[in-house]
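Contents: one structure, followed by commentary.
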Amino acid sequence: MEYLNKADSLIREVEKTLAEIRDFDRNDTLKVGVDLGTSHISITVLSSEDKPIACSMEPAQVVRDGLVVDYSGAVKIVRRLKTEVEKRLGLELLTTAIAVPPGTSKRDSDTHRYVVEAAGMEVVTIADEPTAANKVLCIKDGIVVDIGGGTTGLSVFENGNVVYTADEPTGGTHLSLVIAGNYRIPIEKAECIKRDKTRHKEITPLVLPVVQKIATIVNTHIKEHRVKDIYLVGGTSCLTGIENIIKGETGINTIKPYNPLLVTPVGIALCCGL
Ligand code: ATP
């Protein structure tokens, strides 16, 4: 599984650039990716040879299910992240790639573009999210399951191409709701517990029905396809052992890359200028 080793080491390197930037050639044409997610907005910067240089992310509630619901809030966050990364790099970020979920209308993907352009970057590439994720994973055949905040997106790849996609409204928010209900705590507190690795063992039995529902969604959508492997991406895939539950429910080999939260953001940067 050489290709996942490659994906894992790329993600590990990007993760390090959250804390400190890497040396880079100031004359290089940098690749930039802006990810407008339901729970985070991020900017990732790579060299023209795909070496991680800088990454910054901020929690955000300005996009829901792929749609921008708070335009000015989104612009503010992208501008803030851009300024912060520029300060660290000592140069201006001029162009970027963005990504939208498959099937996003032209109008909605234009809104994503306007957000980023209002923050001061020219959008040179609009990728679709699974294609971006697969720039990191490099899979030829299999299904990428992106378990995000509001939804779970599925993309079946055959010969390196996306042949089927679906998006269903079950994701990390539903896990948080179950945790909040169980402990009778606010959802924000439940979010913190969910992201705390040391509490994953404790919360897994609580969120099991939601993860099983996600597996059922996968089963429903792959009926017509011969899928050998499932690849998990998206923040909710960070839940410890989620790959074993999905594997158990689907009977399909399930592979989780290192830090699945960063796969799509990095993939978007890899798409820049393509
Ligand atoms: P969507 O795909 O629905 O548009 P998004 O792109 O914002 O959402 P991601 O950023 O991939 O989604 O994932 C966000 C979800 O991942 C949130 O529900 C968040 O609580 C969850 N999450 C983030 N980190 C962790 C973690 N370490 N453990 C468990 N869940 C996590």
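The values are calculated or read from the model by the stated rules, or taken from the named source; none is laboratory data. Source: prediction; values computed, not measured. Quick reminder, even Gly has a Cβ in these numbers, built from the backbone with ideal geometry, and neighbours come from all protein chains shown. These area figures cover heavy atoms from the full protein model, side chains too; ligands, DNA and RNA do not enter into them. Shrake-Rupley method; radii C 1.70, N 1.55, O 1.52, S 1.80 Å.
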Subject >> Residue satisfying all of: in segment 15-38; over 25 Å from Lys76 (Cα atoms) and in contact with a strand residue (DSSP E or B) (Cβ under 6 Å, 6 or more places away or on another chain); farthest from the ligand (Cβ to nearest atom) among these >> reply: Phe24
**OP:** State all residues of segment 183-204 that are loosely packed, with under 13 Cβ neighbours inside 10 Å and polar (S, T, N, Q); if no residue qualifies, say none.
**Re:** Thr198
Original post:
Got a number for residues in segment 222-244 being within 16 Å of the ligand (Cβ to nearest atom) and either part of a helix (DSSP H, G or I) or hydroxyl-bearing (Ser, Thr, Tyr) (or both)?
Top reply: 9
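When you check Arg107 against the structure, is it at pLDDT below 95 and either surrounded by fewer than 16 Cβ atoms within 10 Å (Cβ to Cβ) or among the β-branched types (Val, Ile, Thr) (or both), yes or no?
Yes.
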Subject >> Condition met for Asp50 (assigned to a helix (DSSP H, G or I) and surrounded by fewer than 24 Cβ atoms within 10 Å (Cβ to Cβ)) >> reply: no
**OP:** Mind listing whichever residues of segment 183-199 are over 16 Å from Gly171 (Cα atoms) and touching a Gly at 6+ places or on another chain (Cβ under 9 Å)?
**Re:** none
Original post:
Does Asn219 fit the bill of being assigned by TED's automatic domain parsing to the domain that holds Asp141, open to solvent by 50 Å² or more (accessible area, probe 1.4 Å), of a type outside the set (D, E, K, R) and over 13 Å from Val145 (Cα atoms)?
Top reply: no
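Listed here are the residues, each with its yes/no results for (1) assigned to a strand (DSSP E or B); (2) within 22 Å of Ser105 (Cβ to Cβ); (3) open to solvent by less than 10 Å² (accessible area, probe 1.4 Å); (4) assigned by TED's automatic domain parsing to the domain that holds Val85.
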{"position": "Val115", "(1), (2), (3), (4)": "no, yes, yes, yes"}
{"position": "Gly120", "(1), (2), (3), (4)": "no, no, no, yes"}
{"position": "Thr125", "(1), (2), (3), (4)": "yes, yes, no, yes"}
{"position": "Leu154", "(1), (2), (3), (4)": "yes, yes, yes, no"}
{"position": "Leu175", "(1), (2), (3), (4)": "no, no, yes, no"}
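If only one of Ser56, Ser105 is hydroxyl-bearing (Ser, Thr, Tyr), without any contact (Cβ under 8 Å) to a residue 12 or more places away in the chain and within 16 Å of the ligand (Cβ to nearest atom), which one is it?
Details: Ser56 fails: without any contact (Cβ under 8 Å) to a residue 12 or more places away in the chain.
After ruling out the rest, the residue left standing is Ser105.
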Original post:
From Ile41, Ile77, which residue is open to solvent by 10 Å² or more (accessible area, probe 1.4 Å), over 15 Å from Glu20 (Cβ atoms) and within 14 Å of the ligand (Cβ to nearest atom)?
Top reply: Ile77
Original post:
Pick from segment 113-143 the residues that are within 12 Å of the ligand (Cβ to nearest atom) and touching a Pro at 6+ places or on another chain (Cβ under 7 Å): which of them is farthest from Lys228 (Cα to Cα)?
Top reply: Glu129
**OP:** Return yes when Thr83 is of a type in the set (Val, Ile, Thr), more than 9 Å from the ligand (Cβ to nearest atom) and out of contact with any helix residue (DSSP H, G or I) (no Cβ under 8 Å at 6 or more places or on another chain) and no when it is not.
**Re:** yes
